[in-house]
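Novice: Quick one: structure below, then a few questions.
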Amino acid sequence: MSDAKIEFQEFDLDWNTLKGLPKNHLVVFSVVSFAVSEVNALRKLFLAQNHPYTKIPSIDSAGNIARFVLLRTWSAKLFEFLEFLKSIEKRKNDAIISELSRDSQHQVNNLAKGEGYEVARCLRHETANHYSFDAAIKNYPHISEDGDFNLYTHNFGGNDFFPIGEELMFNARLNRKWRNIPEKQERDRLFNDWLGWCLEMTDALVLIHARFAHGLIFVPLGRNDMKETCYQLPDYLVGDLYDVIVPIFTERAGA
């Protein structure tokens with residue numbers, strides 16, 4: 001097996017250094033770091049599920065479930081981060097945190113509105129993060145009759161999928177939101193606006209994290225000594241997301 005190379009810029013920190021910083025600053029920076037790490041992981045996983053459609057309805061249903069559970073989760077995390085920025089701005093007793101939050105919200109002001117944002121908002125509570133009976137009842141009249149309602153089971157449980165849930169909780173939720181927009185072309189455009197919003201918000205979050213790192217870590221410590229590092233890894237750990245696609249199904253038990 002051949003090796004692959006991955007290069008990083010690393011900033012060495014230890015707890016003895018970090019615990020000398022104000023507790024609130026360290027907590028806020030940790031949450032921002034948590035958010036950007038989760039979002040970056042979800043973006044990679046989503047891009048790695050970019051399977052071509054087979055035109056076999058059952059297989060394409062499985063692919064959609066794998067793809068859209070990641071998109072919904074990714075979108076919800078981004079929405080929750082915007083809510084976090086609003087919450088820390090209210091900490092009026094900490095001018096540094098409030099200023100960082102205001103500057104960051106100003107940076108994404110145009111992304112905290114529009115259709116992509118509204119889709120993220122409506123899905124984060126009813127679909128991405130919760131299983132809501134009330135939401136499901138509201139979605140029920142908007143189910144598409146030509147959806148996939150079959151039940152698919154397999155010897156390996158990880159291969160099971162039941163698209164009736166996707167039809168009711170996701171597709172019908174979008175139909176409900178866009179009930180006054182019958183044209184498929186326009187609905188497809190709005191869906192792509194949502195995906196575009198996720199990509200733009202993710203890029204913005206990376207820059208926001210850099211802002212918080214500068215204000216809460218680099219400046220207080222009086223250093224920014226990033227060092228170049230290179231790791232030799234097995235080639236299966238590094239790949240081009242346009243060439244490497246995560247399988248929809250598994251051949252092994254225990255998935």
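Novice: Could you pull out every residue, at least 5 positions away or on a different chain, whose amide H is within less than 5 Å of the one on D160? Hs are placed 1.01 Å off N in the peptide plane, and Pro or chain starts have none.
Specialist: Amide H neighbours of D160: H154.
Novice: Then there is this: Work through the residues other than L100 whose Cβ is under 12 Å from its Cβ and net out their charges, Lys, Arg +1 and Asp, Glu -1.
Specialist: -1
Novice: For the chain, evaluate the Debye formula with one uniform point scatterer on each Cα (no solvent term) and list log10 I(q)/I(0) at q = 0.13 Å⁻¹, rounded to two decimals.
Specialist: -1.00
Novice: Be a star and scan the stretch 217-254 for residues whose amide nitrogen sits under 18 Å from the point 7 Å along the Cα-to-Cβ vector of D14.
Specialist: Under cut-off, by backbone N: 221-227.
Novice: For the stretch 1-114, with all protein chains present and a 1.4 Å probe, just round the carbon and sulfur fraction of the accessible area to a whole percent.
Specialist: Here carbon and sulfur together make up 57 percent of the probe-accessible area.
Novice: Please give, to one decimal in nm, the separation of the simple spin-label points placed at N93 and Y53, each 7 Å out from Cα toward the Cβ.
Specialist: 5.6
Novice: Follow-up. Under a cut-off of 25 Å between alpha-carbon atoms, report the lysines in cross-link reach of K184, not counting same-chain residues fewer than 8 places apart.
Specialist: Result set, ordered by chain and number: K55, K113, K138.
Novice: Rounded to the nearest 0.05, what FRET efficiency do D146 and K227 have when you use their Cβ-Cβ distance and R0 = 35 Å?
Specialist: Efficiency for this residue pair is about 0.05.
Novice: Using a probe of 1.4 angstrom, how much of the accessible area of the stretch 146-222 is carbon and sulfur, in percent?
Specialist: 54
Novice: Still on this model: Give the peptides 156-162, 245-251 in descending order of average Cβ contacts within 10 Å, highest first.
Specialist: 156-162, 245-251
Novice: In Å, what Rg and Dmax follow from the Cα atoms of the stretch 1-102?
Specialist: Rg, Dmax (Cα atoms, Å): 19.6, 59.
Novice: Given points 7 Å out from each Cα along the Cα-Cβ axis, report the D188 to S30 separation in nanometres with one decimal.
Specialist: Roughly 4.7 nm, to one decimal.
Novice: Heavy-atom accessible area per residue, the stretch 30-152, 1.4 Å probe: how many Å²?
Specialist: Using a 1.4 Å probe on heavy atoms only, each residue of the stretch 30-152 averages 55 Å².
Novice: Provide the per residue accessible area, probe 1.4 Å, for the stretch 198-255, rounded to a whole number of square angstrom.
Specialist: 68
Novice: In addition: Excluding residues on the same chain fewer than 8 positions from K92, give the aspartates and glutamates whose Cα lies under 16 Å from its Cα.
Specialist: List returned: D103.
Novice: Sort the following peptides by mean Cβ neighbour count (other Cβ atoms within 10 Å, averaged over residues), highest first: 83-96, 8-21, 200-213.
Specialist: Those peptides, ordered most packed to least, come out 200-213, 83-96, 8-21.
Novice: If r is the Cβ-Cβ distance from A112 to F249 and R0 is 35 Å, what FRET efficiency results, to the nearest 0.05?
Specialist: 0.35
Novice: Between A136 and E7, what is the label-point separation in nm under the 7 Å Cα-to-beta-carbon projection?
Specialist: My value for the distance between the label points is 5.2 nm.
The values are calculated or read from the model by the stated rules, or taken from the named source; none is laboratory data. A quick note: this is a predicted structure, and the numbers were derived from the prediction, not measured. In this analysis, Cβ positions are derived from the backbone assuming ideal geometry, glycine residues included, and neighbour counts consider all displayed protein chains. Only protein heavy atoms, including side chains, enter the accessible area calculation; ligands, DNA and RNA are left aside. Shrake-Rupley method; radii C 1.70, N 1.55, O 1.52, S 1.80 Å.
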